[in-house]
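First comes the structure, then the notes that go with it.
The values are calculated or read from the model by the stated rules, or taken from the named source; none is laboratory data. Worth saying up front: this structure is predicted, and the values here are computed from it rather than measured. Note that we place each Cβ from the backbone using ideal geometry, even for glycine, and neighbour counts take in every protein chain shown. Quick note on the areas: whole protein, heavy atoms, side chains included, nothing else; ligands and nucleic acids left out. Shrake-Rupley method; radii C 1.70, N 1.55, O 1.52, S 1.80 Å.
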Amino acid sequence: MKRRLLPLLLVLGLAAACTSTPKAQAPTDAPGADALANAKGETNVEFWHSMKGANATALEALTSTFNKEHAGKIKISPVYQGSYDETVTKYKAAVQQKNTPTLVMIYDIGTRFMVDSKQTVPMQSFVDADKFALDDLEPNIASYYKVGGKLQSMPFNSSTPLLYLNKEAFDRAGLDVTKPPRTLDEISEYARKLTVRDSSGKVTQYGFNAAIYGWFVEQLLATNAEEYCDQGNGRNGLATKVNFASPTGIKVAQWWADLVKSGNATNTGRKTDDAQAAFKSGTVAMHLESTSTLRGYLDAAKGKFTVATAPFPKVAKTSTGGPIIGGASLWINGVGHSAAEQRAAWEFTKWAVGATQQAQWHTGTGYVPVNRKAVIDAAPQFGTAVTQLHDLPPSVASAGCALGVMPQARKAAEDGLEAAITDTKNADEAMTDAAGTLKSPIDAYNRAVK
């Protein structure tokens, strides 16, 4: 599931929401098991989420199983709220109206806002109260959702970016799909060989395609072991600036622009649906996307071509980092919710990250299992993301940037990329100008939450 981006006014509105409840101190103590044991009747947990299609089907299957196992005691009621951004918008309104759901799925870059909103009980409190072992959680995934050294939310639908390949296109070009490109320069080289033109010179198959998506800039900086924002990627304090106008960020923009100008890549714009449709049609040989689309890609390609997966590329062979976790996590709201509701939400949350449930979730969607003990019995394409994750030791760079206006930062990165790709500005100017637009919203957010 992708994250579309918020306009500036909405981002600043989120900052205002953080202070809309009287500098309220978020509840810090998790209720014990007795809270649920003493509850009368069935405790209902409204669960807001952003899953659709095959992912929604998989989520419904999980909640249905849990409800059957806890019939008469707990009922999880999943409610689709639209895209990740739409869910955050509705959550902001719910905070102001004092009517939040007990459990909510919030995308990765909403982490700083959720902490600052002071509505939720830190997941660490439930973990400590139950002495719940976190050893089975993937370290790289858990580190993203830690702020101040404590787990703030529970990772659930986690993703990493992958390089998707059309095997038959590789075969026709005399390339071995089991030896995919590993760097940006290698992608350019492969794209040239994979681009097919008819007798009139019209391109019938492009070598490369990806949505103009700021997430990929974040990923490529991380693979180069670079932090996206200052203050230890926003984890040692409120971040005050972004770093995507670095030489690496500029190089990424120039690389992408050159690919499009050469005619070896197609520019489908910012809409992820359009980029995905191009790959599904079989007219694109290489494509960057999240693991969360894997199940949908396999289903769409049946009878047309074979989908292969490869690790996300690095900027250069010397790059020592790795990609950042994407997707979303589960947050338990404490303000306005009974101890029984909070406890019921926790019972579902800790069950949902169990090995069996995460294996089922992974094969039903493509999301990376957050539990290291999940046994994967699926098509080999599913193993790429897991292997990629295990090959990367946790670091500040791969933990991702915890920035209050991260959605706006992602949009700004897209502004820079698009300006370079469409030749509106040179890559240096495009990324530098884009980064400069964030000073005001970052300062405004930081003032609002201090």
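Result for the chain in a Gaussian network model with C-alpha springs under 10 Å: among Pro393, Pro407, Pro122, the largest mean-square fluctuation is at Pro393. Here the calculated FRET efficiency for Ser199 and Ser440, from their Cβ-Cβ distance with R0 = 56 Å, stands at 0.60, rounded to the nearest 0.05. Compared with the dominant Cα axis of the chain, that is its longest principal axis, helix 84-96 is turned about 30°. For the chain, the share of DSSP beta bridges that are antiparallel, to the nearest 5, is 65%.
Sort 154-160, 95-101 by the packing proxy (mean of other Cβ within 10 Å over each peptide's residues), most packed first. Display every interim value, and only then the final one.
Working: 154-160: 25.9, 95-101: 16.6.
The densest-packed peptide leads the list: 154-160, 95-101.
Highest GNM mean-square fluctuation, the chain, Cα pairs closer than 10 Å: which of Gln342, Gln205, Gln358? Top of the fluctuation ranking is Gln205. A simple rule links phi to the HN-Hα coupling: the Karplus curve 6.51 cos²θ - 1.76 cosθ + 1.60 with θ = phi - 60°, which for region 416-423 gives x, 4, 5, 4, 6, 5, 8, 6 Hz, with x for Gly and Pro. Amide H contacts of His287 (H built 1.01 Å from N, in plane; Pro and chain starts excluded): Tyr164, Asn209 sit under 5 Å, all sequence-distant by 5 or more or on other chains. Within the straight-line cut-off of under 15 Å between alpha carbons, the aspartates and glutamates reachable from Lys146 are Asp108, Asp116, Asp128, Asp135, Glu138, sequence neighbours fewer than 8 places apart in one chain being disregarded. Spin-label pair Asp258-Ser338: with each label point 7 Å from Cα along the Cα-Cβ axis, the two points sit 6.4 nm from one another.
Adding -39500 (n - 2.57) for every DSSP H run of four residues or longer, then dividing by how many residues the chain holds, sets the calculated 222 nm ellipticity at -13000 deg cm²/dmol. The modelled label-to-label distance for the pair Leu134/Lys73, using points 7 Å beyond Cα in the direction of Cβ, is 2.6 nm. Between Ser281 and Thr28, what's the calculated FRET efficiency when r is the beta-carbon distance and R0 is 41 Å? Round to 0.05. Rounded to the nearest 0.05, the efficiency is 0.20. Solvent exposure of the chain, expressed per residue, is 37 Å² of accessible area, with all protein chains present and a 1.4 angstrom probe.
Counting every Cα pair in region 140-187, what percent are over 15 Å apart?
Values: 692 of 1128 pairs.
That fraction is 61 percent.
Here the spin labels are modelled as points 7 Å beyond Cα on the Cα-Cβ line, and at Lys450 and Ala173 they lie 5.1 nm apart.
Cβ under 12 Å from Gly72's Cβ, Gly72 left aside: what net charge do those residues give with Lys, Arg +1 and Asp, Glu -1? All intermediate terms of the calculation are to be shown ahead of the outcome.
On the way: positive: Lys40, Lys68, Lys73, Lys75; negative: Glu42, Glu69.
The answer is +2.
Between Val375 and Gln231, the C-beta separation translates, for a Förster distance of 41 Å, into a calculated FRET efficiency of about 0.55.
Extension gain, Asn99-Glu86: 0.36 nm per intervening residue step, less the Cα-Cα distance, totals 3.0 nm.
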